[in-house]
1. Identify the residue in region 145-168 that is hydroxyl-bearing (S, T, Y) and in a loop (DSSP other than H, G, I, E, B) and, among all such residues, is modelled with the highest pLDDT.
2. Please count how many residues of region 247-292 are part of a strand (DSSP E or B), among the β-branched types (V, I, T) and in contact (Cβ under 8 Å) with a residue 60 or more places away in the chain.
3. Only residues that are over 20 Å from R169 (Cα atoms), open to solvent by 20 Å² or more (accessible area, probe 1.4 Å) and either in contact with a Cys (Cβ under 7 Å, 6 or more places away or on another chain) or not in a loop (DSSP other than H, G, I, E, B) (or both): list them for region 73-94, please.
4. Between a residue in region 623-647 that is within 20 Å of E693 (Cα to Cα) and in contact (Cβ under 8 Å) with a residue 40 or more places away in the chain and any residue that is among the charged types (D, E, K, R) and crowded, with 20+ Cβ neighbours inside 10 Å, which pairs come within a Cβ distance under 8 Å, given they are 6 or more apart or on different chains?
5. Looking at region 694-714 only, could you name the residues that are open to solvent by 20 Å² or more (accessible area, probe 1.4 Å) and in a helix (DSSP H, G or I)?
6. Scan region 202-216 and give yes if some residue there is surrounded by fewer than 19 Cβ atoms within 10 Å (Cβ to Cβ), in contact (Cβ under 8 Å) with a residue 24 or more places away in the chain and part of a helix (DSSP H, G or I), otherwise no.
7. Name the one entry in E70, E97 that is open to solvent by 20 Å² or more (accessible area, probe 1.4 Å), modelled with pLDDT under 90 and either outside any helix (DSSP H, G or I) or closer than 30 Å to E288 by Cβ (or both).
8. Could you tell me how many of the residues in region 715-727 are open to solvent by 20 Å² or more (accessible area, probe 1.4 Å) and closer than 18 Å to D656 by Cβ?
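The values are calculated or read from the model by the stated rules, or taken from the named source; none is laboratory data. This is a predicted model, so every value here is computed, not measured. Reconstructed Cβ throughout: ideal geometry from the backbone, glycine too, with neighbour counts over all protein chains shown. Keep in mind that these areas ignore ligands, DNA and RNA; they rest on the heavy atoms of the full protein, side chains included. Shrake-Rupley method; radii C 1.70, N 1.55, O 1.52, S 1.80 Å.
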Amino acid sequence: MMELKNFQQDVVDKLLAFIAPEYPVNNLTIKAPTGAGKTIMLLSWIDEYIRATADNVAFVWFTPGAGELEEQSQDKANSFSSIKAQSVDDALLNGFERGSATFINYERVVGKKSKAMLTDSERDNLADKIDKAAQNSRHFIVIIDEAHRNDTTKAREIISRFNASKTVRVSATIDNPNSPDTVEFYQVEEESVIASGLITRAVVVNEEIDINHDETDEFAILFDAAEKKRQAIVKGYAENEVTGVNPLVLVQLPDESTPDLSLHIEKYLQETMKKTYEDGKLGIWLSEQKRNVIDVTKLDNKVEYLIIKQAIATGWDAPRAKILIKIRENMGEQFTIQTLGRIRRMPQPWRGHYDVDVLDNAYLYTFDTDFLHGAFAQGGAVAPTPLLELKDKAKSLKLISERVLRYDAVLNEKLILNNVYDGLKKHFNFTDDLDANYLMLKNQGYIMGDEIITTFKQGRFDTLEHADKLQDRERFVTADYQDNRIDLLHAFHELDRVLHLPLSKVEAMLRIFFLYGDNRRKNTITKMSANEWTAFILNNWRELREEFRRTDVAQSVQGSFDLNNIQQNDFTIPLTERYTYNPKFADAKIVETNVYEKYTTASIVVRPSIVERLMERWLEEHADIVDFVYKNGDKGTQYFSLVYTTNGGVSHFYPDFIVQMKNGDIYIIETKGGENNKGQDKNIDPYAPAKYEALKKYASKYNVKWAFVRDMNEELYYLNDGEWVDEMLSDKWKPIMELFGLKENENYAIKESES
């Protein structure tokens, strides 16, 4: 089964927390981009909950449309061992058993042509099965897939029959209901899905359109550009040893189009472009006409062009689709965003991005300006720059980039366990006396015993601004290893992020450390009973996480590299690059110091990190001493990377900037969050000390200049000497001017040598 990405696990964790009876709301709305893997996330949640608890629950999963989405979801559910997946027909036969997940298409229970499953006239109908489940004290959890559709009175009536204890609505286009007292809204950010490699880095719109094309039909211009791009993708796959993937072009007709338009496009594809039904390169999927659609979603299917309309947009999954030609029309924004999602999936999600520009993007060709406006307004397409060309003066820069070989090698779980144990032993001075170790933890503030401590608010207020006067009160509940199983899973999920271990191994480690069994292990620290152990984990997992992170960071700072597993590569700045930018930024100016032609301040303004924005602007303001600046990527073999170790293995690190000065000096600069105006630390990267050491060693080895740069009061400060220091002390973190041999004189920067 596919390992979940971090953002997917976050959704599962959120759903596990939401499903608890004491959770303050019973309705959760999740907005996740198409391609985020919402079906896998939901099924992983259901599977984990059923497997970890003995809850008397049945799940009901509603899907819209006639696109057989419920069958697709049910098929995927069959691969999860704990889920009893069934159709609505199975439910009519067997009822709603405990641990079941029933997949229902609205069309089967709503509408004129549907079987009257919910009327009193039919014996043993669906309503009867719901009542029988309720008589067995079984409660329902309802999932509403593609929740922006079928939100009708009849659909709501069907859903209400189940009297669900919890309801989850999921969609790529759903809006925030803005009802926090009754409905919680959770959004999966598109950036996190892109970073995971599940969807393309960008949607490139109308690239290399030939507006001087001789054809009178405007769509012929689109087809010509799309075919050139399809050929470029084919070539890119071949050059990068990507086999078994045949890129597909989707041709979307207007929903209300006439048969003449369809015939016109079919004729053009067959006669001009030589894509025919007979040779298998052309397919059509309309309600009234279907040809060459069997297995069209398979990666190696022969079809190169597929003509579609709206019906195919829901639940249709063809990751090889990389290009969309949209014929001019007027259509609502929601479907247009969904359609873009059809071309955003990466064809081989286990590989993610290929780090090849032409393969890592999706391509849209259309003259429908209303469509483009709606797509960008809804975030359905990233606004990428055109391909930017590298300036000649930057082509000579060369550095050594470090990469990890055998990056997916199996972790040494025994070594991780021993390192964590050694870290705990050193910090707490543990001995072989398990009772003494127990007292050490208690004396250090760890909560011991067999009761779980929870907090609640108590007090009164007259206005909301006085609500902070409420006091926290503690509540004690006796722990139970079985009853608190779902709570333990939350804790394990939080800890696996710093332990770099599968969930089962996290639990095994915690049992070895703190749960006293029949066979004492050399790494055993205390001898707690099962209920004491349960309470200890639930009361103290945050503190344990920090202890484990301290060990992980310590190993990353002092760990020795396996030089046989580190590869040195020659690095030169990529000849072409794309950056995201704000196309509506009115005052965009060319950034003269950037290594790429036509790079503008519209790309700087969209960077989420204030310290990065400040750094780029500062360098541009000092163009008199700066030759060029390269903003490095954050993932991929084409970018400059260093390597640092952690307790869980070896990781890549991509410094933010490479700067060449006019005197020839090269600086490698990494930026981190600094301090806010209240003196609070904004650095969210716990591995900053490890990366600092890695860059320091690299700079010494290859004789380049370097620094870590942070911001305070919108001014920049640097550190490149000695050990990492979290606090931005004036005797450690120096003003950025000094890094480049400048000083401030009457608000004017001058060189030290000239002062």
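1. It comes out as S165.
2. 2
3. Of everything in region 73-94, those that are over 20 Å from R169 (Cα atoms), open to solvent by 20 Å² or more (accessible area, probe 1.4 Å) and either in contact with a Cys (Cβ under 7 Å, 6 or more places away or on another chain) or not in a loop (DSSP other than H, G, I, E, B) (or both) turn out to be D75, K84, D89, D90, L92, L93, N94.
4. Listed pairs, sorted by first residue: S641/E402; L642/E402; L642/K691; V643/E402; Y644/K691; T646/D552; N647/D552.
5. Answer for region 694-714, where residues must be open to solvent by 20 Å² or more (accessible area, probe 1.4 Å) and in a helix (DSSP H, G or I): K696, K697, S700, K701, Y702.
6. no
7. Within the list E70, E97, the selection yields E70.
8. Of the residues in that region, 5 qualify.
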